[in-house]
1. What does the extension gain come out to for Y149 and N164, with contour length at 0.36 nm per residue minus their alpha carbon separation?
2. With charges only on Cβ, +1 for K and R and -1 for D and E, what is the dipole size of the chain about its Cα centre, in debye, rounded to 20?
3. Would you mind getting the accessible area per residue of the chain, heavy atoms of the protein chains only, 1.4 Å probe, in Å²?
4. Leaving out ligands, DNA and RNA, what percent of the accessible area of the stretch 5-124 is carbon and sulfur, probe 1.4 Å?
5. Can you put F94, F121, F71 in order of accessible area, largest first, using a 1.4 Å probe?
6. Given the options T156, T62, T112, state which has the largest fluctuation in a GNM of the chain using a 10 Å cut-off (strictly under) for Cα springs.
7. Among V88, V158, V59, which one shows the highest mean-square fluctuation when the chain is modelled as a Gaussian network with alpha-carbon springs under 10 Å?
8. Which order do M81, M56 take when ranked by solvent-accessible area (1.4 Å probe, heavy atoms of all protein chains), largest first?
Amino acid sequence: ISNMVFRPGGEIIFEREVRDTTDMDIISAYYDIKNSGKEIMGEPYYDEGTEGLKGMLLVSPTVPIMQNGTFQGMVGVDLNMKHIQEIVKSIKPFEKSEAYLLSPQNAIVGHTDESFHFKNFFDNAERKNAFGEALKSINQNKEITFIYYNTQGEETYVSLVPINIGRDNEIW
């Protein structure tokens, strides 16, 4: 059973749906979470199935509910990427600094320059060579900083930080 609450235009709308009751729909985020017992932050997506969310770019951090190691359900929230993109766009600690927000599949979903949105971070071969190893650290949930020299020899300080969700990443 999926219980959804959303507020388009300030109005609170509640929807309840009965979803796969046969365990036959085994390719979905639900089963990824159920089988792994781990939280996920999937790729941003446009929800075309929920009337109040149509046309919005969303991201859904989702966490399993476990009891004695057994999956009981999950809880998640759909976040409107527009607000997140505005936050990333406003990050400018230094004159020539840039802020990026990458999806799990390395799509640029937030940047100080909106023209970069939805491009693959690694479409740039120079970036692929310089950042490939660093992103491995991020995928292992580790922060990393390093100095990067672009093709013009300009020095750039880079700081990469993973975004953590769920109980496993908090101090209790």
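1. Contour length minus Cα-Cα distance gives 2.5 nm.
2. 260
3. Normalised by residue count, the accessible surface of the chain is 71 Å².
4. Using a 1.4 Å probe with all protein chains present, the stretch 5-124 comes out at 53 percent carbon and sulfur.
5. Listed by decreasing accessible area, they come as F94, F71, F121.
6. Comparing T156, T62, T112 in the GNM, the peak value goes to T156.
7. Its mean-square fluctuation being the largest, the pick is V158.
8. The ordering from most to least exposed comes out as M56, M81.
The values are calculated or read from the model by the stated rules, or taken from the named source; none is laboratory data. Computed from a predicted structure; not experimentally measured. Because the Cβ atoms are built from the backbone with ideal geometry, glycine has one as well, and the counts that use them run over all protein chains shown. When the accessible area is computed, the model is the full protein with side chains, heavy atoms only, and any ligands, DNA or RNA have been set aside. Shrake-Rupley method; radii C 1.70, N 1.55, O 1.52, S 1.80 Å.
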